[in-house]
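Chemist: If you scroll down you'll find the structure; I have some questions about it.
The values are calculated or read from the model by the stated rules, or taken from the named source; none is laboratory data. Source: prediction; values computed, not measured. Using ideal geometry, Cβ is built from the backbone for each residue, glycine included, and neighbour counts are taken over all protein chains shown. In case anyone asks, the SASA skips ligands and DNA or RNA and just uses the protein heavy atoms, side chains included. Shrake-Rupley method; radii C 1.70, N 1.55, O 1.52, S 1.80 Å.
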Amino acid sequence: MSSSFLVSLRSCENFQKKRVMKDAKSFLLRNIYKSICQNDKYALIRQRILQVIDEDVVHARVPFIARTQQCFAVKAGIDGLLDVARRTFCDTSEAIHKLANKYREDFKLPNLKLPFNNRRGFYFSIPQKDIQGKLPSKFIQVVHRNF
């Protein structure tokens, strides 16, 4: 199961939609309630999810926030390697933001932005109006594509 699915499932539990389904007038919702919510296996799965998935984690659409939520979805202490990976994720994110701040100061680029998307990860973005002359070579990445 993907962590985003479990976060979504956990979010649904927070809203306690099953109460609404139990008394629903809709035949479909009542059948869903009977086949899932009254199922003993569902109760075991729900209990395990509540033991493992952090209650403060919610589904997010913003890429970096979603990535962070997925990273912290599983409660600390459940898996030692995951705890180490989480710490590395935090340290790396902090180092990237510090580098952006350093570049803002060193190259006098107060409007340098640090966007994130799932395809590229973190990258620097500088408004065209702020570029005077040639950018330092650190800001140029040549990508060769072999088709």
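Chemist: (1) of a type outside the set (Asp, Glu); (2) open to solvent by 50 Å² or more (accessible area, probe 1.4 Å); (3) modelled with pLDDT of 95 or more; (4) over 30 Å from residue 48 (Cα atoms): which one isn't true of residue 96, the others all being true?
Modeler: (2)
Chemist: Look at region 38-75 and say how many of its residues are assigned to a loop (DSSP other than H, G, I, E, B), without any contact (Cβ under 8 Å) to a residue 12 or more places away in the chain and open to solvent by less than 90 Å² (accessible area, probe 1.4 Å).
Modeler: Looking only at that region, the number is 3.
Chemist: Suppose we filter 117, 111 for residues that are in contact (Cβ under 8 Å) with a residue 24 or more places away in the chain, loosely packed, with under 12 Cβ neighbours inside 10 Å and closer than 21 Å to residue 140 by Cα; which single one remains?
Modeler: Matching residue, one of 117, 111: 117.
Chemist: Something else about it: Which of the residues belonging to region 65-108 are more than 22 Å from residue 139 (Cα to Cα) and of a type in the set (S, T, N, Q)?
Modeler: Once the filter is applied, which keeps residues that are more than 22 Å from residue 139 (Cα to Cα) and of a type in the set (S, T, N, Q), region 65-108 yields 68, 69, 70, 88.
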